[in-house]
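Q: Dumping the structure here so I can ask a few things about it.
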C-alpha cells in the first residue's frame, strides 16, 4: 500500500478508498458480512453510479458471490411500484411540456 505525504505538514495520510472498492471488498467476503455491511451493498446496488455498479457486476472474480448476494436479496433489489409510477409520471410531464411548447411556438 502506498501512502501520500503532504509536505506542508509532514503527516502520513493513507490513500482514500473509493466506495466501489469498499463494496467490492464486502462482496468478496459475502456471505461473511454483517447485516450493516449487507445493507451497505444493497444501498450501493440501488443508488450507486451506473458505471460503478456496472464495473462491479462485470468483475469475474466477484461474480459468483455477487450472484449469490443478489439471489439472497432479490426482494430488496426489485423496482418498487412507486418508483415505476414516478418514472412514468416524469416522462408524461416531460412529453406534456414538449407538447405545450410545440403548440406555443408552432
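The values are calculated or read from the model by the stated rules, or taken from the named source; none is laboratory data. For clarity, every value in this text was computed on a predicted model and none was experimentally measured. Counting neighbours? That spans all protein chains shown, and the Cβs are built from the backbone with ideal geometry, glycine included.
Q: Restricting to segment 25-44, name every residue that is in contact (Cβ under 8 Å) with a residue 24 or more places away in the chain and in contact with a helix residue (DSSP H, G or I) (Cβ under 6 Å, 6 or more places away or on another chain).
A: 27, 30, 41, 42, 44
Q: On to the next question. Considering 65, 104, which residue is over 18 Å from the mean Cα position of the chain (by Cα) and in a helix (DSSP H, G or I)?
A: 104
Residues are listed down the side, and each one gets a yes or a no for (1) modelled with pLDDT of 95 or more; (2) more than 17 Å from residue 28 (Cβ to Cβ); (3) assigned by TED's automatic domain parsing to the domain that holds residue 21:
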position	(1), (2), (3)
51	no, yes, yes
57	no, no, yes
85	yes, yes, no
88	yes, yes, no
94	yes, yes, no
99	yes, yes, no
105	no, yes, no
